[in-house]
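Everything below concerns the one structure shown next.
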Amino acid sequence: MKKILFLLYIVPALLMAQSPSQDRPLNVSFYYAPFHLPGTDSLYVELYFSVDGSSAKYIKTAYLDKHGKKKTGYIATIGFKILITKNDTIVGVRKYVLNSPVKKDSLEISRNFADVKRFQLKPDKYKLSIEIYDTNSTAEPISYSTDLDFTSFSSDSIFFSGIEFVSNLSKATGEDLKNYPELVKNGLLVVPYVSDFFPSYVKKLSYYLEIYNTGAVLNYEPFLLKVYLENSESLEVLPKYVYYFRKQSAPAIVAASEINIETLPSGKYNLVFEIRDKNNNLKYQKRFLFGRSNPKIDKKLLDTIPDVNIDTTFVARIPSDSLFEYIKYLYPISNPMEISFAQTQIKAGDIKMMRNYFYVFWVRRNGKNPEKEWKNYLSQVKYVNERFSTQIKKGYETDRGRVYLQYGSPDDVISEEHDPGLVPYEIWYYYHIKGQNNVKFVFYNPDLNYNGYVLLHSTAKGEVYLPNWKAHLDKRFNNMYDPYNNNVEDYMGRHLDRDIMQDKNDRQYNRNGR
């Protein structure tokens, strides 16, 4: 996706004409996204425009309604001149006018109106020139030009289209295809949200993109698409915004969904897409930057971080350099708003605010004795750092460390490290956690790295869920069968179930001393 301007916390990306005339300047949001045409050596680029209705000039105009009756109303008319060239040779040109929705009278609120235009091109380098003007206004036209580089679309590896942020995503009807053909893609009505900035009134981040060449690269096997949000500065993942989608590899695949960002604080974030093969190996990763302004959520958190005198509290005794690490220790038990706020404070380096935040964090958990609550938690962090750390991650940053800190010590653990036919795995059982009974977490170590266990499957709400998780534990099975087939029945599955139940029964027997 290409943006014209990124103004975080202020306004969406805008093309703005500055004019000394009495007519107001025209405001138009704009970006573009390229898409591949599978089975060809071509692509098409979509140009998205959104005109700020309040910046356009309306005049009283006669028009025909949908029933063919003559009526009058106030209409704005925006002219577009689009030119795409390659080495000074014109390869694409479009000149047209876009009419606004009709206003019944001049006092009616002006609505924004959007447009989409497509150009078919070969993977190459081009120059895009745009001129936009209000036909009813004396304001100067908007002029813009930029270079386009689509050479990566000739790659034989996995690659992505541009991303289209969406204001409305639904299954297309026959009427949609007839009336809005430019908004229909792969059976979906995709109404663009022409910006990468999301103010507080936008509650959902919806997107549409396409993924190419997974069939050839992954041998037409199923794969896992992991989608998540991360802080764009620290690249730290926001645990509450992680989603998994099971996909079948093919020449082209649509990825379209929505994320609830109602409680996402202000900041710069990446929307990240990861393609992982059936063995959970990362094959491709793509990031798209976006901005969020959510002052109500920011204020809600800031209001809980008072300017308190902590000179006599346990926090005053924490060295400044340790404070940074201690705040990171809180991530596994923090909500998304707290994580984002903490990351911002760490980056800003405001020691006083960090101490206040750290103190209030524990006052919320234990108002009578926050120091005791912190010390208890710190002892757990020290344990997971000793037990679960890898060569590149501290224990609290690993999946097992995070689960241990978030849910506590498991009630029972089944571990298998030496079976030659199985990938090393651990199954953690919790009898009661957060309103659920008999919850399990399955971790496995597919790369056989020291302490390199990652979460494969869980029955806990909000955690990754993979129904046929047992298939991932058998080395031979991964090479022979589809691990996403939920109806697989073979000796391995029954054998593994028997071993797990026997191990669990033995542990119960030993624990009861029978």
Hey, can you rank 282-292, 174-184 by average C-beta count inside 10 Å, highest first? 282-292, 174-184
What residues from the range 131-158 fall in the zone where the backbone N is under 19 Å from a label point 7 Å along the Cα-to-C-beta line of LEU83? 131-134, 140-149
Give me the distance in nm between label points sitting 7 Å out from Cα along the Cα-to-Cβ direction at GLU371 and THR312, one decimal. 1.2 nm
Could you tell me how far the Cα centroid of the range 186-222 sits from the Cα centroid of the range 122-163, in Å? 19 Å
Would you please classify the overall shape of the range 389-479 from the alpha carbon gyration tensor, given that a ≥ b ≥ c denote the square roots of the eigenvalues, rounded means a/c under 1.5, and beyond that prolate means a/b larger than b/c while oblate covers the rest? oblate
Rounded tilt (10° steps) of 491-512 against the dominant C-alpha axis of the chain: 50 degrees
Round to a whole angstrom and tell me the spacing of the C-alpha centers of the range 49-70 and the range 229-284. 40 Å
If r is the Cβ-Cβ distance from LYS352 to LYS204 and R0 is 30 Å, what FRET efficiency results, to the nearest 0.05? 0.25
Can you compute the label reach from TYR44? Point 7 Å from Cα along the Cβ direction, backbone N cut-off under 15 Å, restricted to the range 173-197. 177-192
Among [x] 27.9, 93; [y] 24.5, 80; [z] 23.7, 74, find the value of Rg and Dmax of the Cα atoms in Å that was calculated from the structure presented, and write down its label. [x]
Longest to shortest principal axis, alpha-carbon extents of the range 78-168, angstrom: 56, 34, 16
Applying the Karplus parametrisation 6.51 cos²θ - 1.76 cosθ + 1.60 with θ = phi - 60° to the phi angles of the range 161-174, what ³J(HN,Hα) value in whole Hz is obtained for each residue in order, glycine and proline being reported as x? 6, x, 9, 10, 6, 10, 8, 8, 10, 7, 5, 6, 9, x
Could you sort the peptides 192-205, 123-136 by per-residue average Cβ neighbour count (10 Å cutoff), highest mean leading? 192-205, 123-136
q = 0.12 Å⁻¹: log10 I(q)/I(0) that the Debye formula gives for the range 217-276, counting C-alpha atoms only: -0.36
A correct fewest-to-most ranking of SER340, SER379 by other Cβ atoms within 10 Å would be SER379, SER340
In degrees, nearest 10, range 0 to 90: what is the angle between the Cα axis of helix 351-365 and the longest Cα principal axis of the chain? 60 degrees
Inverse of mean 1/r across different Cα pairs in the range 1-154, Kirkwood, Å: 17.1 Å
With 25 Å as the limit, write out which pairs from LYS382/LYS461; LYS240/LYS394; LYS117/LYS171; LYS171/LYS296; LYS203/LYS347; LYS57/LYS127 have Cα-Cα distances beyond it, or answer none. LYS382/LYS461; LYS171/LYS296; LYS203/LYS347; LYS57/LYS127
At q = 0.16 Å⁻¹, what is the log10 ratio I(q)/I(0) for the range 155-292, with the Debye formula run over Cα points and no solvent? -0.90
Using only the alpha-carbon atoms, how far is helix 336-348 inclined from the longest principal axis of the chain? Give it as 0 to 90 degrees, nearest 10. 80 degrees
Taking 2.2 N^0.38 Å as the expected size of a compact globular protein, what ratio does the Cα radius of gyration of the range 304-396 give against it, to two decimals? 1.07
Using 1/(1 + (r/R0)^6) with R0 = 51 angstrom and r between the beta carbons of ASP411 and HIS67, what's the FRET efficiency to the nearest 0.05? 0.15
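Any read-out appearing in this document is the output of simple, stated calculations on the displayed coordinates, not a laboratory observation. Predicted model only: the values in this text are computed from it and were never measured. Please note: Cβ atoms are built from the backbone with ideal geometry, for glycine as well, and neighbour counts cover all protein chains shown.
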